[in-house]
Amino acid sequence: MKYQDTLNAIYAQLDRLGDLPIFSATVNRIREISVSRESDAMALALAVMKDANLSAKLLKIANTPLYNRGHGNISVVSRAVVLLGFERISNLSMTLKLIETFSSDEPGTGIDNLLISAFLNAAMAREIAIRSGAMDVEESYICGLLYRLGEIIVAYTLPERYRRMLELRAQGRLQWDRIQLRELGGHFSDVGQDLAQSWGFPKAVVQAMDAMSAEQLQPARRLNHILAAGCHDLLELLYYRDTGRELDYGKRIKQLMLCTGLVQEQLEEAIGDAFRQVCDLSIEYGLSAKSLQPPYRPSGVDDLDELSRKLSFYIGSRSEQFASAQRAVPAAPPRSGPSQDQLQLEYLTKINEMVAEGGKAAGIIEVSVEAIERCSALDRVAFCLLSSDRRQLTARVVRGMEAEALQRELLLRADEAKGQLFLQLIEHGNTLLVSDCREGEWSKRLPAEFIRSVRPAGFVAAPVNVGGRPIGLFYADNCAPGAAIDERNFRIFNQFLVQARLALELQYRERGS
């Protein structure tokens, strides 16, 4: 009965707090799409874009050295999905939302340490799974991440009770399992399983959260529980949370060796790699690198002490590098505004926020045109709207040099040569980049009226389709003589073009659903 009372208290508190964003419709949708064989990168990108903060953080992480190895700047969510993979995007989203949702200033609960442990647990489980040839390393990751869900939920919703439990554990007179039964009427794993099941997590993931239910799993999936539980216990030992001396480092390592076929050196190498990854990504996830550092002190177990010493030294040196870099920032010369990379990220976030808030299509297009003009060195940018009979393009949004003159010239009709050029691009769905209008045959192939009236040195034009129907065209150019369009400016143009397409497509799908 006491356990049911605990569960009722947790659900009541969650209702009072307004439910948990981590398990909102957006995140559930991301998870559903990522496991569906019928989904594509566009569908997953659209789901991620519903959360502006999540989109911005995913793009930052996708551009870190750990994930981006020679792919160039990843500036749109759809490309991140393709390069990182469905499962990885889903797990990154889950980790980010877990940390974002449960970060709390509630004193004495140590909830930030629980979040760090969950992230480390997931990374360790994944690294060991990779080395052991596990069937699904991304599922191993999510099992590791959610293994402590119950404890996180209790600390978040019942902080006073959780503080009392920590005090009892610190006294060292009662085992941690007994304290859970006494104070909650059940175990943390029971709480985690109940909530994970109610939030629609796969049965195999829910069963892997507890030793008894994990026995019902097939051997390949039972490994996920062993990895999650084993890594959890190792972290308890590394951070000296096992005040009752209930855990044994040697036994845990031997169990992992037996189940994975790895030797101790390989397991400790995997643990070290996981710590390095989490440390190097800590800033992007909103965590303190310093808080990852194990409080190194002798335990009497030589192997544990040696591993703790190595990890403590690495985390300490890396966190000092991060701190030094942050201290150096104020000494830099003052700048009149944000960097180009920062400005691009701000505009991407703004577009995503407009989508999440149900902003109008015209507003999204206007912001996209503004973003291209401000973030690139292109002189002029415009969006031309296609008429219902598809025989005319009219410039509706224009920014940059000689904007009014360009708006007059970009009235493009099907019965004119310059109009035919762009209407054919829309018809065939093609993007046209002419970096320098003087090069090759372009001066002969382009309509003379277009060159004479618009006077582009180089230009790019690309159609916009929504729901399989063309609605218009983005156009940008340089008008200074000899000012060709380089690769960087084309990349920025294309980045916001793709983002606008995604945003408009998302709105179209939502209206149709």
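The values are calculated or read from the model by the stated rules, or taken from the named source; none is laboratory data. These numbers come from a predicted model, not from an experiment. Cβ coordinates were reconstructed from backbone atoms using ideal geometry, including for glycine residues, and neighbour counts include every protein chain displayed.
Consider segment 191-215 and keep the residues that are more than 29 Å from the chain's Cα centre (by Cα) and either of a type in the set (A, V, I, L, M) or in a helix (DSSP H, G or I) (or both). The one that is farthest from S140 (Cα to Cα) is M212. What do you reckon, is L423 touching a strand residue (DSSP E or B) at 6+ places or on another chain (Cβ under 9 Å) and surrounded by fewer than 19 Cβ atoms within 10 Å (Cβ to Cβ)? Spelling it out, it is not the case that L423 is touching a strand residue (DSSP E or B) at 6+ places or on another chain (Cβ under 9 Å) and surrounded by fewer than 19 Cβ atoms within 10 Å (Cβ to Cβ). Picking from residues in segment 347-363 that are part of a helix (DSSP H, G or I) and more than 22 Å from the chain's Cα centre (by Cα), the one that is surrounded by the most Cβ atoms within 10 Å (Cβ to Cβ) is A361.
Can you tell me which residue in segment 296-320 is nearest to E127 (Cα to Cα), limited to those that are under 30 Å from the mean Cα position of the chain (by Cα) and of a type outside the set (S, T, Y)? It comes out as L311. Checked against the criterion of being in the same structural domain as Q293 (by TED's automatic domain parsing), within 19 Å of I253 (Cβ to Cβ), more than 22 Å from the chain's Cα centre (by Cα) and among the hydrophobic types (A, V, I, L, M, F, W, C), the candidates A155, A134, A170 yield just one match: A134. Cβ separations smaller than 6 Å between residues 6+ apart or across chains give the following pairs from segment 142-154 residues that are more than 14 Å from M165 (Cβ to Cβ) to residues that are polar (S, T, N, Q) and part of a helix (DSSP H, G or I): I142/N91; C143/N224; G144/N121; Y147/N121.
The listed residues are N489, N494, and the only one of them that is under 30 Å from N73 (Cα atoms), under 31 Å from the mean Cα position of the chain (by Cα) and surrounded by fewer than 20 Cβ atoms within 10 Å (Cβ to Cβ) turns out to be N494. Taking into account only those residues within segment 140-180 that are of a type in the set (G, A, S) and either surrounded by fewer than 20 Cβ atoms within 10 Å (Cβ to Cβ) or in contact with a Gly (Cβ under 8 Å, 6 or more places away or on another chain) (or both), which is farthest from S103 (Cα to Cα)? For segment 140-180, the residue satisfying everything is G172. For segment 130-138, the count of residues that are at negative phi, in contact with an Asp or Glu (Cβ under 9 Å, 6 or more places away or on another chain) and at pLDDT below 90 is nonzero. Checking Y240 against (1) of a type in the set (F, W, Y); (2) surrounded by 15 or more Cβ atoms within 10 Å (Cβ to Cβ); (3) more than 24 Å from G133 (Cα to Cα), which test does it fail? Checking Y240 against (1) of a type in the set (F, W, Y); (2) surrounded by 15 or more Cβ atoms within 10 Å (Cβ to Cβ); (3) more than 24 Å from G133 (Cα to Cα), the one that fails is (2).
Only one of the numbered conditions (1) assigned to a helix (DSSP H, G or I); (2) over 16 Å from L247 (Cβ atoms) is violated by L307, and that is (2). Can you tell me which residue is nearest to V206 (Cα to Cα) among those in segment 216-248 that are outside any helix (DSSP H, G or I) and either modelled with pLDDT of 95 or more or among the basic types (K, R) (or both)? Here the answer is R241. Might you let me know whether segment 491-498 holds any residue that is under 30 Å from L59 (Cα atoms), polar (S, T, N, Q) and at pLDDT below 90? For segment 491-498, residues under 30 Å from L59 (Cα atoms), polar (S, T, N, Q) and at pLDDT below 90: present.
Among the residues of segment 383-420, those identified as surrounded by 20 or more Cβ atoms within 10 Å (Cβ to Cβ), out of contact with any helix residue (DSSP H, G or I) (no Cβ under 6 Å at 6 or more places or on another chain) and either under 25 Å from P481 (Cα atoms) or acidic (D, E) (or both) are C384, L406, L410, G419. Selection of helices (runs of 4 or more DSSP H) fully inside segment 120-179 by the criterion of at least 1 residues being within 15 Å of A274 (Cα to Cα) and polar (S, T, N, Q) returns 137-146.
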